[in-house]
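The values are calculated or read from the model by the stated rules, or taken from the named source; none is laboratory data. As the structure is a prediction and not an experimental result, all values here were calculated from the model. Please note: Cβ atoms are built from the backbone with ideal geometry, for glycine as well, and neighbour counts cover all protein chains shown. Each accessible area value is taken on the protein alone, full model and side chains, heavy atoms only, with ligands, DNA and RNA left out. Shrake-Rupley method; radii C 1.70, N 1.55, O 1.52, S 1.80 Å.
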Number of protein chains: 2
Amino acid sequence: MVGRLATGAARPPRVPGLAKIIDPQVKKSYGLPMGRPKQFDPDVAVGKAMDVFWRKGYAATTPQDLVDELGIGKGSLYNAFGSKHALFERALERYRDTQSLALVELLDQPGPVRPLLRSAMELLIETDLGPSGRRGCFAVNTATELGGRDEVSTGLVQRMFERTEGAFREAVERGQRTGEFAPDRDADAAASLLLATLVGMRVIARAQGGRERLGRIVDAALAAL
Amino acid sequence: MVGRLATGAARPPRVPGLAKIIDPQVKKSYGLPMGRPKQFDPDVAVGKAMDVFWRKGYAATTPQDLVDELGIGKGSLYNAFGSKHALFERALERYRDTQSLALVELLDQPGPVRPLLRSAMELLIETDLGPSGRRGCFAVNTATELGGRDEVSTGLVQRMFERTEGAFREAVERGQRTGEFAPDRDADAAASLLLATLVGMRVIARAQGGRERLGRIVDAALAAL
DNA sequence: CATATTTTGTACCTATAGGTAAAGAAAGAA
DNA sequence: TTCTTTCTTTACCTATAGGTACAAAATATG
């Protein structure tokens with residue numbers, strides 16, 4: 001028994017399921033035993049999951065939907081993501097880091113503010129009505145489906161709303177400094193109004209989908225500034 | 001055989017399931033045989049169903065939820081309403097005929113328009129955040145859950161939105177006639193903006209539920225008129 | 001009272017939700 | 001080549017969704 005310990009460099013004790021804790025890439029750099037590599041790209045899979053949840057919502061999306069759309073087996077799905085809810089969180093974070101971020105970055109660009117706001121809202125109209133179908137805004141859809149009933153999702157949506165509102169506020173303040181907007185306007189109030197208008201517009205886009213009405217909202221929102 | 005036909009007033013042929021076609025009250029007035037009366041009030045039941053669907057959405061509401069909240073057996077439930085979806089339609093129609101109608105009627109009242117708009121929006125904030133919990137607007141929730149995926153529900157929501165927008169437009173035009181608003185403003189555009197703002201505000205109410213932010217939206221929306 | 005009809009309660013049904021278990025495949029390390 | 005690990009596949013599991021079927025109860029009429 002003791003002899004086993006003495007025969008050269010003993011292997012470290014086995015810890016099954018280590019991949020859940022230590023990233024495989026990190027393990028590799030330490031020369032620890034590797035496992036079978038994934039046959040799919042988890043980042044791509046999360047993107048596809050985002051599309052499904054965005055279109056159908058959380059409750060209406062079934063494991064079978066995910067298996068079909070991600071193109072992987074159910075075992076791989078649950079091995080990689082743990083649960084439907086965990087995958088939903090990943091999908092919502094992906095939305096935040098792509099779609100929601102893109103809006104904020106667009107609003108942060110220099111130059112005249114009014115055309116910037118117009119192009120931002122028109123971009124979103126096209127996104128909502130685009131070739132992927134009338135799906136609206138994933139954050140808005142999640143707010144109305146899970147708001148107040150799912151802490152994690154609600155928190156993610158709240159922070160997206162706040163960041164967007166902040167970007168609007170900064171844009172308005174920029175416009176005030178350059179003389180584009182009246183300097184006595186309350187930038188906070190204007191930003192809250194812009195956020196509410198944008199959110200409402202995206203709900204209406206999902207319900208009605210008519211470009212003429214949506215365009216009128218954009219015109220009126222900009223005229224109100 | 002022929003004798004049967006001759007013996008006095010023959011009963012009409014039996015048609016089981018007649019109650020689905022002919023209202024029991026009408027049958028009664030014709031002296032036709034009655035069945036066992038309902039032990040519950042269907043109107044009350046639809047009201048309770050509205051509350052459940054409003055809070056949880058369509059997909060997340062189960063038959064068991066309905067049985068629990070309506071306080072009737074599953075047999076009675078399906079006998080009276082046919083299917084979950086049919087009951088959902090009844091619930092949405094009830095919302096239209098109570099909540100949505102109340103808003104339109106409020107907006108139709110005479111008098112100064114600006115305080116009317118303010119009290120309307122503040123009423124909705126209280127409804128959304130009220131003692132029944134942070135449930136937002138049933139029509140908005142349905143728009144984002146089923147918009148474009150359920151023809152009947154989407155149509156109901158569209159018509160509610162259009163009726164509300166129309167009430168806003170008439171209020172604005174009234175304000176223009178009395179000199180409260182500039183007569184050169186586009187009343188259609190103003191109404192579309194008010195609708196979008198209101199809808200967005202109710203989404204934010206469901207996601208965040210803070211009265212200060214919602215109040216700021218109301219202030220800014222009225223200041224923009 | 002028997003009859004016709006409807007509601008109700010209970011039992012039952014099929015399909016699927018949302019996973020879990022276990023065996024074999026695929027990789028690097030020793 | 002064997003060992004260790006992770007991934008994949010297939011099979012399996014329990015609970016419930018969303019109803020349906022049927023017998024018994026409740027009503028009105030003849």
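Here are a few things to note about the model shown:
- Output for the stretch B:209-222, where each listed residue is in a helix (DSSP H, G or I) and more than 7 Å from chain A (Cβ to nearest Cβ): B:R211, B:E212, B:L214, B:G215, B:V218, B:L222
- Counted residues, the stretch A:41-74 - those being within 14 Å of DNA strand D (Cβ to nearest atom), closer than 12 Å to A:R90 by Cβ and touching a residue at least 60 places away in the same chain (Cβ under 8 Å): 0
- Candidates are the residues of the stretch A:208-222 that are in contact (Cβ under 8 Å) with a residue 12 or more places away in the chain and on the phi < 0 side of the Ramachandran plot; the one that is most open to solvent (accessible area, probe 1.4 Å) is A:R211.
- Residue within the stretch A:84-96 that is within 12 Å of DNA strand C (Cβ to nearest atom), open to solvent by less than 30 Å² (accessible area, probe 1.4 Å) and more than 14 Å from chain B (Cβ to nearest Cβ) present: yes
For (1) within 14 Å of another protein chain (Cβ to nearest Cβ); (2) open to solvent by less than 20 Å² (accessible area, probe 1.4 Å); (3) within 15 Å of DNA strand C (Cβ to nearest atom), each residue gets a yes or a no:
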{"position": "A:V46", "(1), (2), (3)": "no, yes, no"}
{"position": "A:P110", "(1), (2), (3)": "no, no, no"}
{"position": "A:P115", "(1), (2), (3)": "no, no, no"}
{"position": "A:R118", "(1), (2), (3)": "no, no, no"}
{"position": "A:S132", "(1), (2), (3)": "yes, no, no"}
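- Helices (runs of 4 or more DSSP H) enclosed by the stretch A:83-187 - at least 1 residues per element that are in contact (Cβ under 8 Å) with a residue 12 or more places away in the chain and under 23 Å from B:A59 (Cβ atoms): A:84-95, A:113-129, A:138-146, A:151-177
- Qualifying residue in the stretch B:66-78 (condition: surrounded by 19 or more Cβ atoms within 10 Å (Cβ to Cβ), within 23 Å of A:A60 (Cα to Cα) and among the β-branched types (V, I, T)): no
- Selection from the stretch B:48-65 of residues that are open to solvent by 50 Å² or more (accessible area, probe 1.4 Å) and either more than 13 Å from DNA strand C (Cβ to nearest atom) or in a loop (DSSP other than H, G, I, E, B) (or both): B:K48, B:D51, B:R55, B:T62
- Residues in the stretch B:162-179 that are polar (S, T, N, Q) and open to solvent by 70 Å² or more (accessible area, probe 1.4 Å): B:T178 alone.
- Taking the conditions (1) more than 9 Å from every other protein chain (Cβ to nearest Cβ); (2) touching a Gly at 6+ places or on another chain (Cβ under 8 Å); (3) among the hydroxyl-bearing types (S, T, Y) in turn, A:T144 satisfies each one other than (1).
- Residue tally, condition within 17 Å of B:I204 (Cα to Cα) and within 11 Å of chain B (Cβ to nearest Cβ), over the stretch A:165-198: 12
- Scanning the stretch B:157-184 for residues that are of a type in the set (K, R) and in contact with a helix residue (DSSP H, G or I) (Cβ under 7 Å, 6 or more places away or on another chain) gives B:R163, B:R169, B:R174.
- Single residue of A:E145, A:E151 found to be modelled with pLDDT of 95 or more and surrounded by fewer than 22 Cβ atoms within 10 Å (Cβ to Cβ): A:E151
- Selected residue (only one of A:R206, A:R149 is facing chain B (nearest Cβ under 8 Å) and over 21 Å from B:G133 (Cβ atoms)): A:R206
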